[in-house]
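Beneath this line is the structure, given in structure tokens, with notes to follow.
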Amino acid sequence: MYVKLLSASVLGVEGRFIEVEVDICSGLPQVSVVGLPDSAVRESVERVRAAIKNGGMKFPMDRITINLAPADLRKEGSAFDLAIAAGILCASGQVDPALLEHTLFIGELSLNGSVRNVPGVLPMTELARNAGVRRVIVPEDAVAEASLIAGIEVFGIRELAEWMSGFLDNRGEKSGTERSSAMKLTQAPSRFGSTSDVADSELDLADVIGQAQGKRALIIAASAMHNLLFVGPPGTGKTMLCRRLPTIMPPLAELESLMVTKIASVSGKFGGGREGLIRRRPFRSPHHSISMAGLIGGGSMPKPGEVTLAHHGILFLDELAEFSRNSLEALRQPLEDREVTIGRARGVCRFPAKFMLAASMNPCPCGYAGGTDDDRPCTCTPVAIARYRARMSGPLADRLDLQVELPRQAVRMNERSSLSSAEAREVVMDTVKRQQSRYARHGIRWNSELQGSLLHRYAAATMASDAEDLLHLVYEQLGLSYRAHDRILKMSRTIADLAGRETIRSEDVAEAISYRCLDKNVEAIG
């Protein structure tokens, strides 16, 4: 007997349907899985066999062929176990296939018949809803995640035997209806279940003593998602400032929240007791030993990297110069295109990567080059300093909007900053609202996204004549690239927004220029 059921996998961060076809015919007992399965899929035969037997059902002793279509797409993972088990039960006559029409199956089986959670339930459920599938059957632990998608019935099951005695023979409505929850996105709980969310909320900008320019740069960066680099000797507060960026950032919008939650689901990071969409902007801080594939994404079946996990949030690279040159250079394309494209022989995967890059680095290997503290003189040779700074190429530095030098602070230990995260967040939120109102019809949210005609309309065309002259003078005398010119222009737009002005003045341009410490010496301008 032949049966076809519906399951799904994840390609990139989006779901993709996989048809599970099961055919049982007379012959020597044998189970064949075709359709480019990986090891985890091939091993599902033994998991399904044990789960069916331990669930009190009969595993057919005939020739069984299982096809996963489309056949030219490589299948990986254990999410097809539940669909394969249901297909075998239907094809062997133990279950009526009519009860399983318009149903998506997602779940891994253990040997005792219990159903385990798998990554990517959220995008797979969204795919089913968009395609008109009526119901989705998921592990009980994934009900809260799948229920974030409105307009589809969600049935959570704990064990294969319980499912058989309840839903399949149409006797236990409670096994599905009471556990299903077709809620709208706006009704989904927004509490945070991970410990990192709690820990981040305890940080405050007031903990950083001094560094007024650094805090000002932090507010500018948070207001429009500008990339940021702090350069300074050890212990000046570079890392402290960057780690407090999430405390002054606006919350995720509804569509942003859904995408961030989908990425967390695909990466297997949705758990921890969370029941609602992720509302806090992600903050990723990988170690400098991370590989290029870990940072950008990759693998035989491409998986999202840190730049995608930081989508709509912050990617913090502490000690930027210690990262490998290849990894840093790989950031150039995501910073420009706001997505990662990974090509493989059987297809191309695209991962979203719209993030703010926040980084810190020392001015030299010992960390004290250019300092005024005679007690800590720099011990590095000019060649060592040049080699150290060359680890970050000019094209990458060009893409960093704010490049801020943080000097060593000479202050008392009992001194406390007057600017708190709550106060800074109010300033940021006001600026964000101005941008949202201005760009409502253009599909962008931030000044940092301006380009082409929009950049001219909302930035260049709003400049005062003296501001335009100053920017042109700096461009010519510093030998800036046109990319650096545009980034100064975008920063000037943000600084004017912080002041509540539509017109960009010369002082806005001058402040934006002062944040380009990696360019040529500004003081050389006559």
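The values are calculated or read from the model by the stated rules, or taken from the named source; none is laboratory data. Remember, predicted model here, so these are calculated numbers, not experimental data. Because the Cβ atoms are built from the backbone with ideal geometry, glycine has one as well, and the counts that use them run over all protein chains shown.
General observations
- Strands (runs of 3 or more DSSP E) wholly inside segment 310-365 that include at least 3 residues being touching a residue at least 40 places away in the same chain (Cβ under 8 Å), in the same structural domain as residue 223 (by TED's automatic domain parsing) and not charged (D, E, K, R): 314-317, 347-352, 356-361
- Matching helices (runs of 4 or more DSSP H) fully within segment 19-102 where at least 2 residues are closer than 20 Å to residue 136 by Cα and among the hydrophobic types (A, V, I, L, M, F, W, C): 81-91
- Condition met for residue 41 (buried (at least 20 other Cβ atoms within 10 Å of the Cβ), touching a residue at least 40 places away in the same chain (Cβ under 8 Å) and either more than 28 Å from the chain's Cα centre (by Cα) or in the same structural domain as residue 114 (by TED's automatic domain parsing) (or both)): no
- The residues of segment 1-18 that are closer than 26 Å to residue 268 by Cβ and assigned to a loop (DSSP other than H, G, I, E, B), listed by number, are 12, 13.
- Within segment 472-504, tally of residues that are among the small types (Gly, Ala, Ser), out of contact with any strand residue (DSSP E or B) (no Cβ under 6 Å at 6 or more places or on another chain) and assigned to a helix (DSSP H, G or I): 1
- Test set (1) of a type in the set (A, V, I, L, M); (2) outside the structural domain of residue 220 (by TED's automatic domain parsing); (3) touching a helix residue (DSSP H, G or I) at 6+ places or on another chain (Cβ under 8 Å) - residue 419 fails condition number: (2)
- Unmet requirement for residue 231, which otherwise passes all of (1) touching a residue at least 12 places away in the same chain (Cβ under 8 Å); (2) surrounded by fewer than 24 Cβ atoms within 10 Å (Cβ to Cβ); (3) farther than 19 Å from residue 516 by Cα: (3)
- Test for residue 399: is it in the same structural domain as residue 300 (by TED's automatic domain parsing), touching a Leu at 6+ places or on another chain (Cβ under 7 Å), loosely packed, with under 15 Cβ neighbours inside 10 Å and over 30 Å from residue 37 (Cα atoms): no
Residue-wise test of (1) over 18 Å from residue 3 (Cβ atoms); (2) modelled with pLDDT under 95; (3) surrounded by fewer than 16 Cβ atoms within 10 Å (Cβ to Cβ).
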| residue | (1), (2), (3) |
| --- | --- |
| 74 | yes, yes, no |
| 77 | yes, yes, no |
| 86 | no, yes, no |
| 93 | no, yes, yes |
| 100 | no, yes, no |
| 104 | no, no, no |
| 113 | yes, yes, no |
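- All conditions but one from (1) of a type in the set (A, V, I, L, M, F, W, C); (2) under 27 Å from the mean Cα position of the chain (by Cα); (3) over 23 Å from residue 256 (Cβ atoms) apply to residue 454; the one that does not is (3).
- In the set (1) acidic (Asp, Glu); (2) more than 15 Å from the chain's Cα centre (by Cα); (3) under 30 Å from residue 41 (Cβ atoms), residue 318 fails one condition alone, (3).
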